[in-house]
Every structure is written in structure tokens, then in C-alpha cells.
1. May I ask you to evaluate 6.51 cos²θ - 1.76 cosθ + 1.60, the Karplus curve with θ = phi - 60°, for each residue of the stretch 471-477 and list the ³J(HN,Hα) values in order in whole Hz, giving x for glycine and proline?
2. Of L62, L257, how do they rank once you tally other Cβ atoms within 10 Å and put the fewest first?
3. How big is the dipole moment of the chain about its Cα centre under a simple scheme where the beta carbon of each Lys and Arg is +1, that of each Asp and Glu is -1, and everything else is neutral? Debye, nearest 20, please.
4. Quick one: of the DSSP bridges fully inside the chain, what percent are antiparallel, nearest 5?
5. Would you grab the residues whose amide H sits under 5 Å from the one on G263? Only those 5+ places off in sequence or on another chain, please, with H modelled 1.01 Å from N.
6. Tell me the label-point distance for the pair A78, T453, using the 7 Å Cα-to-Cβ offset, in nm and rounded to one decimal.
7. How big is the charge dipole of the stretch 266-422 about its Cα centre, in debye rounded to the nearest 20, if each Lys and Arg gets +1 on its Cβ and each Asp and Glu gets -1 on its Cβ?
8. Name the long-range amide H neighbours of S172: under 5 Å, sequence gap of 5 or more, or other chain; modelled H, no Pro or chain starts.
Amino acid sequence: MTIDGALRDIEEDADFVIVGSGASGATCARWLSAAGCSVVVLEEGAPAKVGKGDGLDAMSRLYRSAGAAMTVGKDRMALLQGRCVGGSTVVAGGIQSGLPEAVWREWVARDARWAQRLPWEALEMARERMDAELSVHKTPRELWGETGAAFFRALPGQASPTWRNTPGCQGSGRCLQGCPHRGKTSADLSLLPQAEQYGARIYARCKVERILMEGHVAKGVRGRFESGKLMTARARKAVILATSPIHTPWLLLQSGLRNVGQGWRCHPRAVLTGLFHKPVHTGPAASLAMESVVHGAADVHLQTLELPRSWAASRVPGLGPALASRLEQMDHIAVWGSSVRAEATGSIRRGPWGPRVHYETLRKDRVLLLKSLAVLAEAMLQAGAMEVWPGIDGAPEVVTSVKQARELALIDPAPGLTQLFATDFFGGVAVDERFQVEGVSGLVVADASLLPTSTGVSPMSTIMAVATIVAERWAAA
Ligand SMILES: Cc1cc2nc3c(=O)[nH]c(=O)nc-3n(C[C@H](O)[C@H](O)[C@H](O)COP(=O)(O)OP(=O)(O)OC[C@H]3O[C@@H](n4cnc5c(N)ncnc54)[C@H](O)[C@@H]3O)c2cc1C
Ligand code: SF4
């Protein structure tokens, strides 16, 4: 049973103290505890209580800052992360995509040591192990939904059903609000209960504020419960940071380390909305049923999205009677998205209320994004949309022809041209051969902060594979 907060100061000691209970932390806890190590997990958020409420309700209970965190820079980019036991896995769409080998080769070309740190065969084996653990499977035809089927028809040979960790999916399209049917093997329902069976102790509502160091050796962490009481957790073998590439660099900076937070990356994402002549939400549909991944020179990831009505409604343009009439047709409205493997890098810095993410896309990233949105708009029209609403500065409010759709690629790619958001984050911490923060013994990074670049595909599968390798190496230490 997860320990939900504390009304007195707590002291703990264990072989491993893991900070963060999301994709990377839960994976480490699962494998380290199964290997016979004692494990304490500290999680800032509360136990995940998934309700049947609307998107705003989920935002306030399961997301960090209710989903309102933004980057600092000229782009308008929201940063979405889970903040609860299970982390972002609770609100993730469930897509599990293996790392493209071309991306791994790029890492090794940048620095040959990646071939030893994360050998390709080890990554593949770890991915297969996690796929089996989480019951990953291809989205079946009956859960494509109308929009998924339309996407599949409109992008022949390019679109394919997603692979997801949703063995009990009933197609209610609510993954981003947390699954009300417990149909998704999010960490709170899979890896963490397994870890607890092996003896791991998981504390919720406990924010780690500082790493305790003796010289250049990490000895434990100091945290604070929501109640104000203190947690002191000492690690006999290592402190494992698994709080995401936004919070891991921040925690290191808070703890007095320097030279961290640089080289941060993400997958900037934008969506298009389309009005179809017939209802497109008529039967069961998985949240992210269909995707199209383009690798090589242009790394682009196109997806269908089943969003809460309140979120989809925020993408509907117009004012007064025009807006009202469109909102009356919500059942005819589909949202499709595109994310790009941006080359821009940013940095994590300390702000007055937590991490500040300084980031701005490069012109070439925005050009790629516009091209991908043009492809998506054309596909939407071919799939039967009467109108596409791009929501891009400089574009018509309503696109109704293929010519107009193609012209989206030619818009001036100025920063801030459309509302961006990101859920996938990478980089910011340099590690040594044992995944320790360079120059600090016993301070291990297990999340995507250690990755040299972005993955180009949905990252959770890679993050879990990397965390599995980190756990295996340290269990054997
Ligand atoms: C809405 C959404 C949809 C997504 N969909 C997909 C998808 O379909 N497929 C995919 O591959 N990826 C998806 N992702 C991305 C994926 O979920 C993340 O890449 C992955 O979960 C990151 O793993 P992590 O362990 O680094 O961080 P998280 O899973 O975010 O977990 C980090 C945890 O650390 C906790 N924490 C942070 N700071 C502290 C602290 N100081 N003390 C204690 N605890 C702390 C946080 O509260 C959080 O619970 C999605 C993400 C979001 C937000
Ligand atoms: S689509 Fe609905 S039923 Fe399926 S996993 Fe997501 S939330 Fe659960």
C-alpha cells in the first residue's frame, strides 16, 4: 500500500532511494526490488484518483500545475506532465514505440561511449521485457473509431494503428484524463504494485527538495510532505533521480550542482481541428488509435487524438453565433496532431517557484511543423472534413480546399505562430558509464535527462527500456 503523506517526520534508509514514481522511477523500483534490493520511492504527487469528470477535473488532480506550465521564450508552448503516483504514465495515451535504430546510431556517432552505456541489443531486450510486462498490443480495428479509420484511409501506406499498453481498453477515449476502467497498465496499476509486493515502500505527497551529499558522494535526500513534515531518506547504494528532464536538472541545481540543465530538448506538438459532415464519435475509440511516423531527414509524428470535449472545444475558432453553431456540432469535430523531432535545444534554470524552461524552436523546426500540418490538413479534407481549422497565425481561419491546405506549408514560420504543447522531454544531465551524474558517486539518473537527443517517436518505451538497464546494472553492483 502506498503511504499517502505523513503527519510526523519520517526517516528511512534503503539500498536505493528513488525520486519520482513515473515511467522511469516505477521501472527501476520494479526491477531493483525484484532483484532483492530494498527500495524507497518518494513521489511529490498524490495517489492517482481517476474520476469520470471532465478534462478540467483531471487537469487539476493528475497534472502538474493543472497543465498550465509554459516555456520561457517567443513560442507559446505548454508543458504537460503528470504529477501523481505513477507520474505521466497515468495520463499518457499509452503509445509504446521502440527507439528507431537510426536515432541510436546518431547517439553513438556523437559519442562512441553510448554503444557501451546502452548497447542496441540490451535496449531491444529491455523493450521486449517491458512490452510483455505491460501487455503492449496493437490497437484492434474495433477501437480505431471513426477518426482513426478516416486517418487510415487518408494516409494510405503511411498510417498504422498504434501499439499501446492498454490491455483492458474499452475505447472510451479518456486516456489523457486517466483510464476510468483501469484498462491501461499505467505504473500505478502495474509496476508500482509489483514493486510493493517485493517490499518497496512508496511515499506519496512527498516532494524531494535536496540531495544530501558528503563531498562528492550522494548519501540520501531531504523531502517535505504536503503536511509540512520532513522526510529524510538515506541510500546505502544510490539515490536514483527519476523526476523527468524538467525536474531532475532542477533538483540537481537546487542541491548546488553546476553544469546541468543545458542541451534540453522536446517534441513540439500542434493540433488541427476539422469539422466533418457526419458525426465522428459514434462508437468506441482508443485515445490515440492511429499514427504515422516519418523518419529520416524529416522526423515527424502524426496522430489522431480523442480529446475531452472541453479541450477540443478550446480549439474551435470564431466568435458569437458562428462559434455557438460550431460548438453545437462537437460530435462532428476531430482533432489530429503533429509533433516534430526539433533540433532546438533549451535549458532548465531555477525560477522563483520551481524549474524554468528556456526554450525556443528553430526556424527549421517551425518549417517542418508547418509542412506536417499542411499534410495533416490535406489528409483531413480527403478523409471527409468540410472545414479544417488550423489555428495558425497567418493562415485562413477556415481551410476548405487542398490548395489552401498545401499553402499552410508556405506561411512565414515566425515564433509563436500557433499554440504548441509538449509531453516528451530529453537531456539536461551528463552521466558517466554507470549513469551517475558526472563527478558525483551514488547519484544516478534513470529518466530521459540522460539521453543525448530526442527519440522522434513516443518516448515512454525507450525511457522504460533505459531505466531497466540502469536498474539491472545497479542491482548487480
Ligand atoms: C498527456 C500526456 C500523454 C502522453 N502520452 C504518451 C504516449 O502515449 N506514449 C509515450 O511514449 N509517451 C507519452 N507521454 C510522455 C511520457 O508519459 C513521459 O515521457 C514519461 O512518463 C516520462 O517518464 P519520467 O519517469 O521521466 O517522468 P514522469 O512519468 O512524468 O514521472 C515523474 C514523476 O516524478 C515526480 N516528481 C517530480 N519532481 C519531484 C520531486 N522533487 N520529488 C518527488 N517527486 C517528484 C512527478 O510528480 C512525477 O510523478 C505522455 C505524456 C503526457 C503528459
Ligand atoms: S481509451 Fe479509454 S478505455 Fe481505453 S485505455 Fe484509454 S481511457 Fe481506458
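1. 3J(HN,Hα) across the stretch 471-477, in whole Hz: 5, 4, 5, 7, 5, 7, 6.
2. L257, L62
3. Using Cβ point charges on Lys, Arg, Asp and Glu, the chain gives about 560 debye.
4. Details: 55 of 84 bridges.
Antiparallel bridges: around 65 percent, rounded to the nearest 5.
5. G346
6. Simple spin-label model gives 3.0 nm for this pair.
7. Here the size comes out at about 400 debye.
8. Residues meeting the amide H criterion: A285.
Computed from the coordinates by the stated procedures, all read-outs in this text should not be read as laboratory data. Keep in mind it's a predicted model, so treat the numbers as computed, not measured. Every residue, glycine as well, gets a Cβ built from its backbone with ideal geometry; the counts of neighbours run over all protein chains shown.
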